[in-house]
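K.L.:
Mind looking over this structure? Questions follow.
The values are calculated or read from the model by the stated rules, or taken from the named source; none is laboratory data. Model, not experiment: these values are computed from the prediction. All Cβ positions, glycine included, derive from the backbone under ideal geometry; neighbour counts span all protein chains shown. Heads up: the accessible areas ignore ligands, DNA and RNA and are worked out on the full protein's heavy atoms, side chains in. Shrake-Rupley method; radii C 1.70, N 1.55, O 1.52, S 1.80 Å.
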Amino acid sequence: MAVLWIDSSEILLIFIPGVVVCCALLRNWAPTAVPLFLLAASVLFYLLAAWQHAWLMAALLALNIASVAACDRRPDLAWIVLLCAVPLHVTPIALWKYAGLGPIPLGLSFVTFLLVSALIDIQAGAPRLGLVSRSLYALFFASVTAGPVTRYRDLAPQLATLGRMAVTRLSLLRGASLLVVGLAKIAIVGRPLQDEINGILLAVEMGATPTMVEAWYVVIAGLLALYFLFSGYSDMALGIGAMIGLSLASNFDSPFKARTGVEFVERWHQSLMAWIRVYIFLPIAKGILSRCNARKASLGFVAWASASLASFAFMGAWHGSGWPPLAAGLVAGLLLILFRLHVASTIRLKTTASDRHRMPLLLFVLIALVALPILVQDWAVLLPILTGLVDLDSLNLGRILT
């Protein structure tokens, strides 16, 4: 089933310019109609891109609207509604990832997370938008492809005034620049690398044995392809948002300039990490501490480690389908815990001005290895790649070394 992505020529040359121009005209003639127009454009984009799963998005949106209404009718039972509604929201994505229902529908992960954010934030006191603005928040076409995951609490004030605030020339230029930069990341680096990697993985799937060079190429180029594709789509979303008057959450902050694994995580997919921190990490950590109130100091590390492991497992599962990405998340969480234990028992080395902005090669390779199951989500293909990483015989070096 072909999917029409936001970087396709039809969307770039016709759909996006048309939306930006129409929004500009509506701001002058009928500013209150801008949210409705953008919602209609977003629905049209999804119908063009993946109409087969439009029913699923409609069902999730209806579930969200009904859940918010139920909380409004019975505020005293709102917490029970949340306990029931949140699992119902995430059930479709869980089924598609782990029940073998086929390729994950376009935007299902992002729409699910945004709707959960809206449900929880509204009960926590965030502004209550109308049905049009709330639906636009979840279905906005620029971010449905690959994010960012902007929290409802942060975007609701902008949606409430959308169309009535002027878009400056500087915002238009910045948005257009981000759109071009994002497209360049995808077309010049991300897609070519992905095509090369897919060729190797297809050969392995058909029974070929990867050489050591091919295996390491998949590892290193895979992380770069993941970054350039993901950050490229994020830049495009930020650019489109800026051109119509929305400031979406940033996703990447030069992660390969990180000096430590913790810093890399903080710079990588920032909007998702912020979502996980608010809705998964903090509730788990606070829940553990609240149950052991008398020993908060002694259980602080246990609460942090448990919440971190659950958060990274969730992040790994989110990045792909099947069990390899989940395993990658668990490994990343364990490495973070071990790193913190190591830091607690040693003194951090100070960096000089010359190496402050360089990622250590060993850290880059380690991150690429941890990210490999996200790229290769089939055990039957992943295991030969892992074996090929140490296959010296494929380089004809085995005889020399032995």
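K.L.:
I'd like the residue in region 289-303 that is open to solvent by less than 50 Å² (accessible area, probe 1.4 Å) and not small (G, A, S) and, out of all such residues, is modelled with the lowest pLDDT.
P.N.:
Among those that are open to solvent by less than 50 Å² (accessible area, probe 1.4 Å) and not small (G, A, S), it is C292.
K.L.:
Out of (1) at pLDDT below 95; (2) under 27 Å from the mean Cα position of the chain (by Cα); (3) open to solvent by 40 Å² or more (accessible area, probe 1.4 Å); (4) of a type outside the set (D, E, K, R), the odd one out for T32 is which?
P.N.:
Condition (2) is where T32 drops out.
K.L.:
With the checklist (1) surrounded by 12 or more Cβ atoms within 10 Å (Cβ to Cβ); (2) among the aromatic types (F, W, Y); (3) over 30 Å from Q377 (Cα atoms) in hand, flag the one item Y98 doesn't pass.
P.N.:
(3)
K.L.:
Answer yes or no as to whether D253 is over 24 Å from I16 (Cα atoms) and not basic (K, R).
P.N.:
Spelling it out, D253 is indeed over 24 Å from I16 (Cα atoms) and not basic (K, R).
K.L.:
Here is a further query. Return the total of residues in region 365-389 being within 13 Å of E214 (Cβ to Cβ), open to solvent by 60 Å² or more (accessible area, probe 1.4 Å) and not in a helix (DSSP H, G or I).
P.N.:
0
K.L.:
Next question, about the same structure. Need the failing condition index for T211 against (1) closer than 20 Å to V68 by Cα; (2) of a type in the set (S, T, Y); (3) surrounded by fewer than 16 Cβ atoms within 10 Å (Cβ to Cβ), just the number.
P.N.:
All conditions are met except number (1).
K.L.:
Of the residues K286, K257, which single one is open to solvent by 30 Å² or more (accessible area, probe 1.4 Å) and within 30 Å of W5 (Cα to Cα)?
P.N.:
Matching residue, one of K286, K257: K257.
K.L.:
Show the residue pairs that are 6+ apart or on different chains and have beta-carbon atoms under 9 Å apart, the first residue being within region 185-209 and without any contact (Cβ under 8 Å) to a residue 12 or more places away in the chain, the second being of a type in the set (F, W, Y) and assigned to a helix (DSSP H, G or I).
P.N.:
I188/F228
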